[in-house]
Structures are given as C-alpha cells and as structure tokens.
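Take a look at the structure set out below.
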Amino acid sequence: LARLARLTPDTPPERLDPIAEAAARWLLATAQETPKSVFFDLLQPALKRLEDAQVTPSIGLMTIALDYAIRLSEGDWLDQTLERFADRYAGVDAAFIHVHLGRRAQTKGTHDEALACFKLAAKDFEAAGQEREATIAKGQTADILQARGNLDEALRIRTEEEIPVY
C-alpha cells in the first residue's frame, strides 16, 4: 500500500488521497517505517500533488500530515500548510483545522489567536452536533483563560460545559 502511494505518480488525485491516507495510517499503526520517512516520503509528496491538481485533501489525510509535522517539529511546513489549506474546509472539517490552528498559535505564544480558533472550533463542532469535540475545544479555551488568570471563566467552562459531557 505504501509503495503504491509512493510509486504511482500517474495515479489520479482523487484516488491518491485515500491511498496515501490508508498507507500513512497503516505505516503508523504497524511502525513499518519511521515517522520521518512517512512524512517526507509519503505525506509531503502526496499533499503537493493534490495541491498542484487543485484538489483539497481529505481531512483525514490533512490531520495525519499535520500530526506528523508536529511530532517532527516541522513548524515552518505546518504554518505554510495551514495557511494554504485552512480556508478550503467547512463544517466539522473546518473545526478540526481550527483546532490545529489554535494549537499552533498556542505554541507560538499568540494566545488571543489561539483563543479565537478554539472558540470557532467549538462553535463549528456544536453546529455539527459533535458535542465531545466541542467540549474538548472549550477545554482548550479554559486552559488559556486559566493561564491568563481568568479563573472564574475557566472554572465556569469546566463545571458547566466540560464536566456534564464527561
């Protein structure tokens, strides 16, 4: 499967996406190759081919690529990819991208941006009926508020919005 994703440059983009996603998931689950190899040899080229063909990657493939980039401390690639693809998603998919944007903003120390991303993600998750994911995004909002010393609002989120879901 991994060889198929790597060795078929003539694979149509609409077929490349599910093949690359399945190969990355399989390689991750079986530890057949290093994360670095999967990221540089499979995920980056697949995303580049999809972008060149003006095809938006599935949220599954994008999430795997973003997770690998975080693991490998590929911050520049992560920033560029989020910037290029963020506005291509809607609904729940956009919410997952906003969570990644929020986490990246937190890492960079831009907590206002992170807060806005997590709030937007929570709103999108709620609109889609994804209560658990919305609660996780709200928890990340509470984390920022708590770190800033806004303990009352952080506690309210934890007690009124998080605890009832868990």
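The values are calculated or read from the model by the stated rules, or taken from the named source; none is laboratory data. Note that the structure is a prediction, hence the values are computed from the model and not measured. In this analysis, Cβ positions are derived from the backbone assuming ideal geometry, glycine residues included, and neighbour counts consider all displayed protein chains. Remember, those area values only see protein heavy atoms, side chains included, never the ligands or the DNA or RNA. Shrake-Rupley method; radii C 1.70, N 1.55, O 1.52, S 1.80 Å.
Here is how the numbers come out for the structure above:
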read-out: Candidates VAL38, VAL92, VAL55: whichever shows maximal mean-square fluctuation once the chain is modelled as a Gaussian network with Cα springs under 10 Å; value: VAL55
read-out: 0 to 90° range, to nearest 10: angle between helix 13-30 axis and the chain longest Cα axis; value: 70 degrees
read-out: Accessible area per residue in Å² at 1.4 Å probe, computed on the chain; value: 54 Å²
read-out: Calculated [θ] (222 nm, deg cm²/dmol) that DSSP helices of n ≥ 4 give over the chain, each run adding -39,500 (n - 2.57); value: -22000 deg cm²/dmol
read-out: For the chain, built as a Gaussian network whose Cα springs stay under 10 Å, the top-fluctuating residue of ASP17, ASP76, ASP41; value: ASP76
read-out: Helix 59-71 vs. the chain, principal-axis angle (Cα, 0 to 90°, nearest 10); value: 80 degrees
read-out: Relative contact order of the chain, pairs being alpha-carbon contacts under 8 Å that are 6 or more residues apart, as %; value: 13 percent
read-out: Viscosity 0.692 mPa s, 37 °C: Kirkwood-radius Stokes-Einstein D of the stretch 18-96 over Cα pairs, µm²/s; value: 258 µm²/s
read-out: For the stretch 58-146, alpha-carbon Rg relative to the globular expectation (2.2 N^0.38 Å, N residues); value: 1.01
read-out: Hydrodynamic radius by Kirkwood, which averages 1/r over all alpha carbon pairs of the chain, in angstrom; value: 17.0 Å
read-out: Heavy-atom accessible area ranking, 1.4 Å probe, most first, across THR107, THR56; value: THR107, THR56
read-out: Chymotrypsin sites (Phe, Trp or Tyr not before Pro) lying in DSSP loop within the stretch 52-153, provided at most 16 other Cβ fall within 10 Å; value: none
read-out: HIS98 accessible area, 1.4 Å probe, all protein chains in place, Å² to nearest 10; value: 40 Å²
